[in-house]
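Asker: Before we start, here is the structure in question, set down as structure tokens.
The values are calculated or read from the model by the stated rules, or taken from the named source; none is laboratory data. Everything numeric here is computed off the predicted structure, so don't read it as measured data. Quick reminder, even Gly has a Cβ in these numbers, built from the backbone with ideal geometry, and neighbours come from all protein chains shown. These area figures cover heavy atoms from the full protein model, side chains too; ligands, DNA and RNA do not enter into them. Shrake-Rupley method; radii C 1.70, N 1.55, O 1.52, S 1.80 Å.
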Amino acid sequence: MQTFENIKQALFNLDHYNLKVLAASSVGIGGLLCYLALKRKPKTIPFGDGWWRVGEKPPSEDTTIHSFVVETSEEMIRDLYQRIDQTRYTDSLEDCRFHYGFNSDYLRKVVSYWRNEFDWEKQVKVLNKYPHFKTNIEGLDVHFIHVKPIQRAGQRVLPLLMVHGWPGSFFEFYRILPMLTNTEEDVVFEVICPSIPGYGYSEAPHVKGFNTMDAARVFHKLMERLNFSEYYLQGGDWGAFTTCNMAQMKPECVRGLHLNMIAAQARGLVTVLSLLIGRYLPFLVGFTREDVHRIYPYMQKNVYELLRESGYLHIQATKPDTAGCGLNDSPVGLAAYILEKFSTWTDFKNRDLKDGGLERKFSLDDLLTNVMIYWTTGSIIPSMRFYKENMGTNFQKRVDNITKIYVPVGLAAFPHELMHCPKTWAYSRFPDIRSYTYMARGGHFAAFEEPELLAKDVMQFVKKVEKKRLK
């Protein structure tokens, strides 16, 4: 017999399809009745407020928006070169490729390019291609780029906020921006890309506790300050968590939410049944053939691989300042730490390559520009602290993790994302899925790797939402 708590856990956040499967199994009619009794009503998470400086919050806040320009200096470049020239390398093990982390032999080649060919002054001009701004919110100078579209006759302009993750930055979106702000479609986007506080050119919090819900609130305030009352959201990695929180806080402001990392799973008995049955009879649990291909063998793809790739997470979620000291002092150490993620998280198979497959999807100029954003701002430690602030308590029981998201949602499932979430599981968190796409290629850094694919998926999702709104 199933206990009441077992049934409650199994039926928590179920979608209609999984409910039918479960009702026909061991839980039966009793489970169905419990589901109807326990079904959660839509709700939001608290908006709250914050102050991220030492001392009391002043009675009034400066809401001015200032233009900002990325700058460099000869002194900055001299210091960088001096540190690079003093780097101590360790020889790689024979045939280790990227299985031990960033291969030292290839690292020497990357650093040689960085030292002798990479032109930071040129890349600063690239960064300044789009308008940058800063404004003070909750005591922090928040950086963002704001790209207005080229509007053609008959086009509707829709605001879109795009949020990056770690170890990325706002620069991840530079390749996709032209595809969103200059289109032949009946809609075109006005895009805002902020830097999460503690990342890049956004000021880091000065007190403990700043997490994704705080970032979400700050970004809502940013959009309000820009005079937007309704807008679309897009994100991956921490950007996915932050935009989800935005949708939970003020759903009335969110026209739609598009994610390229899907943080949702069915819980309890549903998951067990799905995994036991899904490989052999996928249609019974709502899996497609593509789901089966991406999920199984389950232990290999969802347990062992994550254990291999989550060492950084345990460090950053517990003692970020310790490891961060070395990274903040050594540009080569910082580059190795960051670029290894752009290798492995693009495709786990890149671990088998001597060069980590880095230049298959990215140019060294783009990769090193992202590293330089971290280096020149000294933001690696505060960016790592974001893990501790989010995972220092019971992350799974936090209010945002037990609250559904009811705005229209579009999901782009990239084949080399760290974990795959089938659509039937995604319903447990997102009841209103308007679009779910099995992307043809790409991994964790969708906008950076496959900007055209991501732009097309964002566009088709938004058009579906807008079409229904106009009816």
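Asker: Can you give me the Cα centroid spacing of region 172-189 and region 254-300 in angstrom?
Answerer: Using only Cα atoms to place each centre, the spacing works out to 31 Å.
Asker: Kindly provide the helix-only [θ] at 222 nm of the chain, computed as the sum of -39,500 (n - 2.57) over DSSP H runs of four or more divided by all residues, to the nearest 500 deg cm²/dmol?
Answerer: Numbers: 21 runs with 201 residues, N = 471.
Theoretical 222 nm ellipticity from helices: -12500 deg cm²/dmol.
Asker: How long is the gain from GLU290 to ASN116 if the chain were fully straight, where each residue apart is worth 0.36 nm and the alpha carbon distance is subtracted?
Answerer: Details: separation 174, 0.36 × 174 = 62.64 nm, distance 4.51 nm.
Here the answer is 58.1 nm.
Asker: So what is the relative contact order for region 233-340, in percent, with contacts set as C-alpha pairs under 8 Å and at least six apart?
Answerer: 13
Asker: Given a Förster distance of 22 Å, report the FRET efficiency between LEU307 and LYS354 from their Cβ-Cβ distance, rounded to the nearest 0.05.
Answerer: On the way: r = 24 Å, r/R0 = 1.08.
E between LEU307 and LYS354, to the nearest 0.05, is 0.40.
Asker: Using label points projected 7 Å from each Cα along Cα→Cβ, tell me how many nm separate PHE283 and VAL124, to one decimal.
Answerer: With each label placed 7 Å out from Cα toward Cβ, I get 6.3 nm.
Asker: Next question, about the same structure. Which whole-number percent gives the relative contact order of region 296-446, counting Cα pairs below 8 Å spaced six or more residues apart?
Answerer: Details: 148 pairs, mean separation 41.2, N = 151.
Relative CO of region 296-446 lands at 27 percent.
Asker: So what are the ³J(HN,Hα) numbers for region 240-256, from phi and the Karplus equation (6.51, -1.76, 1.60; θ = phi - 60°), rounded to whole Hz, Gly and Pro as x?
Answerer: Ordered by residue, 3J(HN,Hα) equals 5, 5, 5, 5, 4, 4, 4, 5, 6, 6, 9, x, 5, 8, 9, 5, x Hz.
Asker: What lysines does LYS301 reach when the alpha-carbon gap must be under 17 Å and sequence neighbours fewer than 8 apart in one chain are set aside?
Answerer: List returned: LYS349.
Asker: When ligands, DNA and RNA are left out and all protein chains stay put, how many square angstrom of accessible area per residue does region 283-435 have with a 1.4 Å probe? Walk me through the numbers before you get to the answer.
Answerer: Details: 5980 Å² over 153 residues.
It amounts to 39 Å² per residue over region 283-435.
Asker: Right, another one. Of the beta bridges DSSP finds with both residues in the chain, what % are antiparallel, to the nearest 5? Don't skip to the end; give the middle numbers.
Answerer: Working: 14 of 37 bridges.
Looking only at bridges with both residues in the chain, the antiparallel portion is about 40 percent.
Asker: Compute the long axis of helix 28-38 from its Cα atoms, compare it with the longest principal axis of the Cα atoms of the chain, and write down the angle in degrees, 0 to 90, nearest 10.
Answerer: Here the helix axis deviates by roughly 60 degrees.
Asker: Kindly state, to the nearest 0.05, the FRET efficiency for TYR298 paired with TYR100, given R0 = 41 Å and r defined as their beta-carbon distance.
Answerer: Numbers: r = 26 Å, r/R0 = 0.64.
E between TYR298 and TYR100, to the nearest 0.05, is 0.95.
Asker: Between VAL157 and ALA263, 0.36 nm times their residue separation minus their Cα-Cα distance comes to what?
Answerer: That works out to 35.2 nm of additional length.
Asker: Can you compute the FRET efficiency between LYS319 and ILE150 using 1/(1 + (r/R0)^6), with r the Cβ-Cβ distance and R0 = 45 Å? Round to the nearest 0.05.
Answerer: On the way: r = 48 Å, r/R0 = 1.06.
Efficiency for this residue pair is about 0.40.
Asker: Would you kindly state how much longer the chain becomes between ASP329 and ARG88 on full extension, computed as 0.36 nm times their sequence separation minus their alpha carbon distance, in nm to one decimal?
Answerer: Working: separation 241, 0.36 × 241 = 86.76 nm, distance 1.31 nm.
Once the chain is fully extended between ASP329 and ARG88, it gains 85.5 nm.
Asker: Less than 13 Å apart at the alpha-carbon level, and either on another chain or at least 8 residues along: which aspartates and glutamates does that give for LYS354?
Answerer: GLU94, ASP95, ASP105, GLU340
Asker: OK, next. Once you mark the GluC sites (Glu not before Pro) that are in a DSSP loop and have at most 16 other Cβ atoms within 10 Å, what is the longest gap between them in the chain?
Answerer: 231-471
Asker: Give me the percent of accessible area attributable to carbon and sulfur for region 275-428, probe 1.4 angstrom.
Answerer: Values: 3690 of 6380 Å².
With neighbouring chains kept in place, the figure for region 275-428 is 58 percent.
Asker: In addition: Which option, (i) 26; (ii) 31; (iii) 34, is the value of percent of Cα pairs over 36 Å apart that was calculated from these coordinates?
Answerer: The calculated read-out lines up with (ii).
Asker: List the trypsin sites (Lys or Arg not before Pro) within region 399-439 that fall in a DSSP loop (any state other than H, G, I, E or B) and whose Cβ has at most 14 other Cβ atoms within 10 Å. List each step's numbers first, then the result.
Answerer: Working: sites: LYS404, LYS423, ARG429, ARG434; in loops: LYS404, ARG429.
Nothing satisfies the criteria.
Asker: Could you give the dipole magnitude of the chain about its Cα centre, charging the beta-carbon of Lys and Arg +1 and that of Asp and Glu -1, in debye to the nearest 20? Mind showing how you got there, number by number?
Answerer: Details: 58 positive and 53 negative charges, 421 e Å.
Roughly 2020 debye for the chain.
Asker: Among the chymotrypsin sites (Phe, Trp or Tyr not before Pro) within region 223-300, which fall in a DSSP loop and have no more than 12 other Cβ atoms within 10 Å of their own Cβ? Numbers along the way, then the final one.
Answerer: On the way: sites: PHE228, TYR231, TYR232, TRP238, PHE241, TYR280, PHE283, PHE287, TYR298; in loops: PHE228, TYR280, PHE287.
Qualifying residues, ordered by number: TYR280.
Asker: In percent, what relative contact order does the chain have, based on Cα pairs under 8 Å that are 6 or more apart in sequence? Let's see the in-between values first.
Answerer: Details: 771 pairs, mean separation 96.6, N = 471.
So the answer I get is 21 percent.
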